[in-house]
Amino acid sequence: MTAAYPLVLSKSRPLRLVTFFYLYFMQGLPAGFALTALANFLLAEELSAQQVGTFVALVGLPWTVQFIWGPFIDRFQHTAMGSRKPWVVVSQLCACLASLALLLVVNPAQEIYLLSACFFLHSVFASIQDASVDAMAISVTPVAERGRVNACMRGGMLIGSSLGGAVMALCLRSWGFQAAVLMQGLMLLAFTLLTFFIKENEQDALLAFRFVRNDQQATNEQPTLTSIFLKLFTALLSKLSLRTFGVIALVYICLSIFVRSLNVYLIQELHWTDTYLSTLSSSYVVVGATLVMVAGGILSDRMGAGKLLCITIGLIGGFLLLFNLMAPLWNNQAVSSTGLLVWYMFDPSFSIAAMPILMNISQKGIEAAQFTTYMSLVNFSDVVGSYVSGYILSWLSAPTIGILCGLLMLALLFFLLFIARPAIQKTGMTL
């Protein structure tokens, strides 16, 4: 009797956790390289906050249109290799090849437009891979396990971006830009090859792109792209969606505005080196991210993502007020470093609470398209925050920006608890 194939996502919880961790690690690695190591490197090379903010925004721009990919991923599936895996593998391979185009850049500080264009191309394919991975996660993950899976996904993203920021920052200064690019490309290629050997379901082929018909397709008419888009927009404009996601999007905008403003302040006002900032905000975060990933995933499944969301927003708001009122002490590097390390724990904590909620309010039949659209808008929120932070800094100081963000967080918490609560609780989520 032939032994069952061991690497099947739908049959193994440990495999699901490991797989979605490394798939998001693949996204985090180049993100850390671009948004931490290179962004801080460019600031240290005396590019303006507006130039660096524009670079960061261009890197993130393709992630803001992920809603385009979701309906196509939902519509064109059911291949012999699985429903989602072909999208994941092909987009991974294209992203890997696109990342090697960065070898065309010789001096990133002097070739900022070419650098931005290359990262933009990579982000296009990486955003398709992200949408495909999200669709796969929804398809193969039981509802009771989504908190832990989202914890692994967010943990993989954070640890990947942390290592990408720290290792690439050191590589940039020690061996040069092209050595860092080559290192990143080889790592992405290794993970891409690994994905070929993982199946969604036991009956799937390892490598086959032909379409197959299932029982549901044989008895029901396949939805058109037009019908999927119409259903998607109806779901997105529902009162529940607008209220719930509106709060989540504003939190992400605040997170992005403050951290970009703080980085500019630390490098250009307090004269931190870009290498120290990249290493601090990356390598030391790995340990904390791992703890948050494990504890947050368990708490989300047991306590409920809604309660965890409210607690996290309250903690972020309180921290922003306290830390920014202590701004006169930021000259003491121990104080500012500690505050920065604590701050980097809030992003994964918030995401671990927010992502299961967005999965749960995604409607059946368009789960992948709706959740991917939410992710697209989350990424857009980050891009908006990165872009406007450089301009806000010309009017307000980083500590003032932080205080305003903290006050907005507390206002959002009040809205969740006293205005949006009835609509959210109708879905079975408690706040």
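Just need a number here: residues in region 331-376 that are aromatic (Phe, Trp, Tyr) and either more than 15 Å from Gly70 (Cβ to Cβ) or over 19 Å from the mean Cα position of the chain (by Cα) (or both).
Residues flagged as aromatic (Phe, Trp, Tyr) and either more than 15 Å from Gly70 (Cβ to Cβ) or over 19 Å from the mean Cα position of the chain (by Cα) (or both) within region 331-376 amount to 4.
State all residues of region 102-116 that are assigned to a helix (DSSP H, G or I), touching a residue at least 40 places away in the same chain (Cβ under 8 Å) and surrounded by fewer than 23 Cβ atoms within 10 Å (Cβ to Cβ); if no residue qualifies, say none.
Correct list: Leu103, Ile112, Ser116.
Does Ala169 fit the bill of being modelled with pLDDT under 85 and farther than 30 Å from Arg75 by Cβ?
When the stated conditions are applied, Ala169 passes them.
Among (1) open to solvent by 10 Å² or more (accessible area, probe 1.4 Å); (2) more than 22 Å from Ile138 (Cβ to Cβ); (3) free of Cβ contacts under 8 Å to residues at least 40 places away in the same chain, where does Phe319 come up short?
Failing condition for Phe319: (3).
Restricting attention to region 28-61, which residues are without any contact (Cβ under 8 Å) to a residue 24 or more places away in the chain and open to solvent by less than 10 Å² (accessible area, probe 1.4 Å)?
None - no residue of region 28-61 is without any contact (Cβ under 8 Å) to a residue 24 or more places away in the chain and open to solvent by less than 10 Å² (accessible area, probe 1.4 Å), so the list stays empty.
May I ask you to list the residues in region 75-87 that are at pLDDT below 85 and either within 17 Å of Asn107 (Cα to Cα) or surrounded by fewer than 24 Cβ atoms within 10 Å (Cβ to Cβ) (or both)?
The answer is Arg75, Phe76, Gln77, His78, Thr79, Ala80, Met81, Ser83.
Condition check: surrounded by fewer than 19 Cβ atoms within 10 Å (Cβ to Cβ), at pLDDT below 80 and in a helix (DSSP H, G or I). Does Ala218 satisfy that?
yes
In the list Thr279, Thr290, which residue meets the criterion of being part of a helix (DSSP H, G or I), open to solvent by less than 50 Å² (accessible area, probe 1.4 Å) and modelled with pLDDT under 80?
Thr279
Could we say that Gly304 is at pLDDT 75 or above, farther than 20 Å from Met157 by Cα and among the small types (Gly, Ala, Ser) here?
No, not satisfied.
For region 75-87, check the following and say yes or no: at least one residue is in a loop (DSSP other than H, G, I, E, B), among the small types (Gly, Ala, Ser) and within 26 Å of Phe197 (Cα to Cα).
yes
From the set of residues in region 118-165 that are farther than 16 Å from Thr64 by Cα and free of Cβ contacts under 8 Å to residues at least 24 places away in the same chain, which is surrounded by the most Cβ atoms within 10 Å (Cβ to Cβ)?
Per the criteria, the residue is Cys118.
The values are calculated or read from the model by the stated rules, or taken from the named source; none is laboratory data. If you're wondering where the values come from, they're calculated on a predicted model, not measured in any experiment. Neighbour counts run over all protein chains shown; Cβ positions are idealised from the backbone, glycine included. For the accessible areas, the whole protein counts, side chains as well, though only heavy atoms, and no ligand, DNA or RNA atoms are used. Shrake-Rupley method; radii C 1.70, N 1.55, O 1.52, S 1.80 Å.
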